[in-house]
Amino acid sequence: MNARCAVITGVGVVAPNGIGADDYWKALREGRSALGPIDREGCEHLPLKVAGLVRGFDAEQYVEPRYLVQTDRFTHFAMAAAELATADADLADHPDDPYAVAVVTAAGSGGGEFGQRELQHLWAEGPHHVGPYQSIAWFYAASTGQISIRGGFKGPCGVVASDEAGGLDALAHAARAVARGTDAVLAGAAEAPVAPYSMVCQLGYPGLSTTEDPERAYRPFGSDAAGFVPAEGGAMFVVEDEHTARLRGARPRARIAGHGATFTGAARWSESRAGLAHAVRGALAEARCAPDEVDVVFADALGVPEADRAEALALADVLGEHVERVPVTAPKAGLGRAHCGAPALDVAAAVLALEHGLVPPTPHTADCPHGLDLVTGYPRAAELRTALVLSRGLMGSNSALLLRRP
Amino acid sequence: MASEITYEELAVLIKTRAGVAVTVDELADPGCMFLDLGVDSLGVLGVLADVENRYGVSIDSSDLLGRPVAEFLQTVNSSVKAGA
C-alpha cells in the first residue's frame, strides 16, 4: 500500500489586508501594509495603539445568523475562512461518510469580546442575564466545534492549544489524521484579540510594541525593531489525502511534507535558537529534504531584536551556508501577529508563493543586520519548490512546517 | 405590560436570542419543534431567560426542553399569568 500523503487542496483567508486568498495575495505581492490605529470602542485609552484589524468583514456573507449569535468574532473568522477553504477545494458539507472529514483548529486568545460582554451583563444585571452561549463562545474549542456542527464533519476533530505555533501544529495534526486514514481535515486557526479585555491581557507582553506610528510599530529583523503588534484574522485549509483528492478531481495546491515542534520556555529568546533549529531539523528529516533544497523561508519575525537574532542564528545552524542564499520573508510585518492565526496566514502565503513563483516582501522593514537575505520593498521572482514556515509562541513553543509544490 | 406572549413576540425573541428567523405560521403549527427550526437547547434557554427577566417570573425549564413550541408557549404563558 502506498503511504498516504497530506496535501492542501483549499485555502481560506480572513486577513487585515484582504478577505479571500486572491485579495490576500494581491496585497502581499504589493507589500501593502494593513497596520493602523486601533479605533475600537473601549480601546482608545490603552497604551497599545497599532494593530492589524480586519475591516469590512460581513460574517453573514459566509455563515448563517444562528451560528453567529452563538459565537465570538474569532469563530466568525474561522467559520468564514473554513467556508472559503471548502469552496476552494470544492468539498461538500454533510459528506456521505461524515467520519471521513474532521476539523482541527488552534486558538490562543479565545472569545474575548463575547466573554467580556456577558461578564458585563453578570456584574451589571446579575447571573440571570448571562446568555447560555457564553458557555461555549469564549472557549478555545468553539471554532472546531461550530465548523464541525455546521458542516456535519464527524471525523477525529481536535483543538491544538500550543501557543502561537499551534497554527502550524494544527496543520501537522491534520496531516497525521490523514496519514491514519481520514480523507479530509479542515485545519487552521483564526483569532480576534483586538477588543478591550483581550488587549488588556496582552499588555504584559514585554515584546509588545507601543509605538504609535503604524509605519514604525513592527519592523521585524530591522535595526530599528521595536517589538510586535497584534492582529486579528487567520486562515483555514482543506487538508486531504493526495490520492483521494485526485480521485475526486480536487487540485493539490501544496504538500505538507514535514513538521517539527519544540518548547524552550516563555520569552527565553536566546534559547529559542536551539529549539527552533531542532524543529526545523525535524521538519526537514520528515520531508527527506536537504537544507539547501529550502527555496524560501517565511520567518516567525517577532520584531524583538534578541528573538530576531535567535531566529537568524537558528536558520544558520540548520541551513549552513545556504542561509546566505535563501530568500527570507515576513509578510506579517504588514499585518501584525494574529497569534495562532499568524502562522496559518503564513502557510497561506507560502502556498500562494509556491504557486506563483514569487516571494512577497516584508513591509516596513528597511534593513536586516542579522545576515539574512530578507526580501524587502518588492516581491522577488524565484523558482520555488519548497517553503519553510516558522512560528514561535510568546510562551515558548517553536514550530516548523515544510511545504512542497505537488 | 401584556400578560401573554404572542407568537409574533416569540418569533422576535428566537431571532434575537438564537439567531433563527422563523415565521408565525411555522411556530403556530402544533407539531413544530425547536430543533426542527434549528434552535438548540441553549437557544431555548436563552429565550426562556429573556422571558423570565422581562416578566420577573421563574419557569422550570426541565420539562420544557424537547416540547413542541405550542406547548412551550402555553406553559410559559401560564407562568407569566400566574406571576403577573
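Values quoted throughout were computed directly from the atomic coordinates according to the rules given, and no laboratory measurement underlies them. Bear in mind the structure is a predicted one, so any value in this text is a computation, not a measurement. FYI the Cβ positions are ideal-geometry reconstructions off the backbone, even for glycines, and counts take in every protein chain you see.
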Once amide H atoms are placed 1.01 Å from N in the peptide plane, what residues at a sequence separation of 5 or more from A:Ala254, or on another chain, have their amide H within under 5 Å of its amide H?
-> A:Ile8
Counting other chain Cβ atoms within 10 Å of each Cβ in A:65-76 and taking the mean gives 3
Calculate one ³J(HN,Hα) per residue across segment B:45-60 by plugging θ = phi - 60° into the Karplus curve 6.51 cos²θ - 1.76 cosθ + 1.60, and present them in order as whole Hz with x for glycine and proline.
-> 4, x, 4, 4, 4, 4, 4, 4, 5, 5, 9, x, 10, 10, 10, 6
Give the order of A:Val185, A:Val13, A:Val318, A:Val54 when sorted by the count of other beta carbons within 10 angstrom, beginning with the fewest.
-> A:Val318, A:Val54, A:Val185, A:Val13
By Cβ neighbour count within 10 Å, fewest first, B:Ser58, B:Ser79 rank B:Ser58, B:Ser79
Can you put A:Glu164, A:Glu306, A:Glu125 in order, fewest other beta carbons within 10 Å first?
-> A:Glu125, A:Glu306, A:Glu164
Relative contact order in percent for chain A (Cα pairs under 8 Å, 6+ apart) equals 24 percent
Here the equivalent ellipsoid of segment A:1-144, derived from its Cα gyration tensor, has semi-axes (largest first, whole Å) of 30, 24, 13
Residue by residue through segment B:16-22, which ³J(HN,Hα) values in whole Hz follow from phi under the Karplus form 6.51 cos²θ - 1.76 cosθ + 1.60 (θ = phi - 60°), with glycine and proline marked x?
-> 6, 8, 10, x, 10, 8, 10
Before rounding to the nearest 500, sum -39500 (n - 2.57) across all DSSP H runs of length at least 4 in chain A and divide by the residue total; then give [θ] at 222 nm in deg cm²/dmol.
-> -10500 deg cm²/dmol
Among rounded, prolate and oblate, which fits the protein assembly as shown when a ≥ b ≥ c are the square roots of the eigenvalues of its C-alpha gyration tensor, a/c under 1.5 means rounded, and a/b larger than b/c means prolate?
-> prolate
Which whole-Hz couplings ³J(HN,Hα) result when phi for each residue of segment A:364-380 is put into the Karplus expression 6.51 cos²θ - 1.76 cosθ + 1.60, θ = phi - 60°, listed in order with x for Gly and Pro?
-> 6, 5, 9, 9, 9, x, 9, x, 9, 8, 6, 7, 10, x, 10, x, 10
